[in-house]
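One structure below.
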Amino acid sequence: MLEIGTKAPDFELPAQNGEVHKLSDYLGKKIILYFYPKDNTPGCTKQACGFSERYPQFTEKGAVILGVSKDSVASHKKFEEKYGLAFTLLADPERKVIEAYDVWKEKKNYGKVSMGVVRTTYLIDEQGIIRKANDKVKAADDPENMLKELN
């Protein structure tokens with residue numbers, strides 16, 4: 001996980017609509033940048049729907065939500081349409097950004113060890129500095145917790 005107080009690495013990734021987004025495009029706004037393992041899985045769906053339901057409250061506070069996983073643009077599009085998600089999902093199948101943000105880690109699941117995305121949420125301020133970093137994310141609670149962080 002990246003250190004609080006450091007500059008968030010800039011990146012360029014395609015969204016669910018194919019449009020390319022750069023982190024630097026959002027300077028001047030707060031950014032909730034969250035990394036999640038996979039589209040359409042129970043925890044990831046709860047987290048995404050939670051962010052989507054609270055999206056108006058995030059925008060009122062001048063914040064943008066960006067979700068990142070290694071799923072494809074097409075997978076993100078289906079995920080967005082299935083749940084009516086109101087924010088941007090970024091596709092990182094090559095894991096460039098996932099690795100730059102130090103969220104590709106060894107995970108244990110039922111005793112089996114594998115590499116994967118550790119659910120992690122960053123709050124980045126208007127100048128591009130990481131203000132909060134959490135890699136102990138509970139999917140269902142994350143949207144509400146991040147909303148509180150903006151107050």
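Annotations
- Hydrodynamic radius by Kirkwood, which averages 1/r over all alpha carbon pairs of segment 24-68, in angstrom: 11.3 Å
- Here segment 1-142 is treated as a Stokes sphere of Kirkwood radius computed over C-alpha pairs; at 10 °C and 1.306 mPa s its diffusion coefficient rounds to 105 µm²/s.
- Diagonalising the gyration tensor over the Cα atoms of segment 107-151 and scaling each eigenvalue by 5 before taking the square root yields semi-axes of 26, 14, 5 Å, largest first.
- Averaging the Cα positions of each part gives two centres, and for segment 79-99 and segment 31-51 these lie 9 Å apart.
- Summarising the overall dimensions of segment 63-139 from its C-alpha atoms, the Rg and Dmax are 13.8, 42 angstrom.
Here, each number is a calculation from the coordinates, and none is a lab measurement. These figures come from a predicted structure and were not determined experimentally.
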